[in-house]
Amino acid sequence: DVKVTQSSRYLVKRTGEKVFLECVQDMDHENMFWYRQDPGLGLRLIYFSYDVKMKEKGDIPEGYSVSREKKERFSLILESASTNQTSMYLCASSLRRLFINEQFFGPGTRLTVL
Amino acid sequence: AQTVTQSQPEMSVQEAETVTLSCTYDTSESDYYLFWYKQPPSRQMILVIRQEAYKQQNATENRFSVNFQKAAKSFSLKISDSQLGDAAMYFCASQPQGGSEKLVFGKGTKLTVNP
């Protein structure tokens, strides 16, 4: 089974702090994604990466950056955390295929910014 | 841009009964893929069922089945013999075209199962 893990289930940070959220997958997937999940808004894509050192902006990249130095690891960085970044963050991965691309999700990190 | 709409923010069903969750989507593609994901409370999101748009036959996975109406751009999920463990957020998603890495998600439907 594909396993996607995230470094923390719960995280509390202060406004202005630099925050790192890490995601690791163990199935050699090329694609990795970071989503933000808010009630009533569903999942919104922040960034995704289709290869090491490659990244592409999603729908809501403002205030975030990402890093992918190794194939199995994809980090989301909040350069200066703000209260409106309090949310659930989900990481996902998928194979890069010509056709159907099912995504596999991690357990999520619930981030609170005070 | 492709959109996915789930018009029911919340639904409830009695244990052992059947419930249908609605999803509509908008795409100009002729070939695409559709998914239903389940997110139980405080647990990981998992794939429930998927449908290839070129297939006319509706997908089924045990108690879960879909009603795929391509012309109407509708993709509803039917859960038969509902169980307490079916309580979760359900998200409908589309992959706009073959080879596209990204999925487009609906806003979700919260399903409550009453004993």
**Message:** Residues that are hydroxyl-bearing (Ser, Thr, Tyr), open to solvent by 20 Å² or more (accessible area, probe 1.4 Å) and either assigned to a strand (DSSP E or B) or touching a Phe, Trp or Tyr at 6+ places or on another chain (Cβ under 8 Å) (or both): does segment B:34-53 have at least one?
**Reply:** no
**Message:** Looking at B:THR20 and the list (1) more than 11 Å from every other protein chain (Cβ to nearest Cβ); (2) open to solvent by less than 50 Å² (accessible area, probe 1.4 Å); (3) not in a loop (DSSP other than H, G, I, E, B), which single condition is not satisfied?
**Reply:** (2)
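This table checks each residue for (1) open to solvent by 10 Å² or more (accessible area, probe 1.4 Å); (2) at pLDDT below 95; (3) away from every other protein chain (no Cβ under 12 Å); (4) assigned to a strand (DSSP E or B).
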{"site": "A:LEU21", "(1), (2), (3), (4)": "no, no, yes, yes"}
{"site": "A:MET27", "(1), (2), (3), (4)": "yes, yes, yes, no"}
{"site": "A:PHE48", "(1), (2), (3), (4)": "no, yes, no, yes"}
{"site": "A:VAL66", "(1), (2), (3), (4)": "yes, no, yes, yes"}
{"site": "A:GLU69", "(1), (2), (3), (4)": "yes, no, yes, yes"}
**Message:** Here are the criteria: (1) modelled with pLDDT of 95 or more; (2) within 14 Å of another protein chain (Cβ to nearest Cβ); (3) in contact with a Leu (Cβ under 7 Å, 6 or more places away or on another chain). Tell me which single one B:LYS102 does not satisfy.
**Reply:** (1)
**Message:** Just to verify a result, which residue in segment B:42-61, among those that are more than 8 Å from chain A (Cβ to nearest Cβ) and modelled with pLDDT of 90 or more, is farthest from B:THR20 (Cα to Cα)?
**Reply:** B:GLN57
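Determine which member of the set A:GLY42, A:GLY108 is within 14 Å of chain B (Cβ to nearest Cβ) and either of a type in the set (Val, Ile, Thr) or under 14 Å from A:PHE20 (Cα atoms) (or both).
Only one candidate passes the filter, namely A:GLY108.
Please work out if B:ASN67 is of a type in the set (S, T, N, Q), in a strand (DSSP E or B) and either more than 29 Å from A:TYR10 (Cα to Cα) or more than 11 Å from chain A (Cβ to nearest Cβ) (or both).
Against the criterion (of a type in the set (S, T, N, Q), in a strand (DSSP E or B) and either more than 29 Å from A:TYR10 (Cα to Cα) or more than 11 Å from chain A (Cβ to nearest Cβ) (or both)), B:ASN67 qualifies.
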**Prompt:** If you take the residues in segment B:6-17 that are surrounded by fewer than 14 Cβ atoms within 10 Å (Cβ to Cβ) and under 13 Å from B:PHE91 (Cα atoms), which one is nearest to the other protein chains (Cβ to nearest Cβ)?
**Reply:** B:PRO9
**Prompt:** Which one of A:ARG73, A:ARG97 is open to solvent by 50 Å² or more (accessible area, probe 1.4 Å), under 24 Å from A:LYS3 (Cβ atoms) and at pLDDT 95 or above?
**Reply:** A:ARG73
**Message:** Can you find, within segment B:80-97, the residue that is surrounded by the fewest Cβ atoms within 10 Å (Cβ to Cβ) among those that are away from every other protein chain (no Cβ under 11 Å) and over 27 Å from A:MET88 (Cα atoms)?
**Reply:** B:ASP81
**Request:** Return the only residue of A:TYR47, A:TYR35, A:TYR10 being without any contact (Cβ under 8 Å) to a residue 40 or more places away in the chain and among the hydroxyl-bearing types (Ser, Thr, Tyr).
**Result:** A:TYR47
**Request:** Out of the residues in segment A:76-86 that are open to solvent by less than 10 Å² (accessible area, probe 1.4 Å) and part of a strand (DSSP E or B), state the one that is nearest to A:GLU56 (Cα to Cα).
**Result:** A:LEU76
**Request:** Can you work out which of the residues in segment A:35-46 that are touching a Lys or Arg at 6+ places or on another chain (Cβ under 7 Å) and of a type in the set (A, V, I, L, M, F, W, C) is surrounded by the fewest Cβ atoms within 10 Å (Cβ to Cβ)?
**Result:** A:LEU41
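The values are calculated or read from the model by the stated rules, or taken from the named source; none is laboratory data. This structure is a prediction, so every number in the text was calculated from the model and none was measured. When we count neighbours, we look across all protein chains shown, and the Cβ atoms used for this are built from the backbone with ideal geometry, even at glycine. Surface areas here come from the heavy atoms of the whole protein model, side chains and all, with no ligands, DNA or RNA. Shrake-Rupley method; radii C 1.70, N 1.55, O 1.52, S 1.80 Å.
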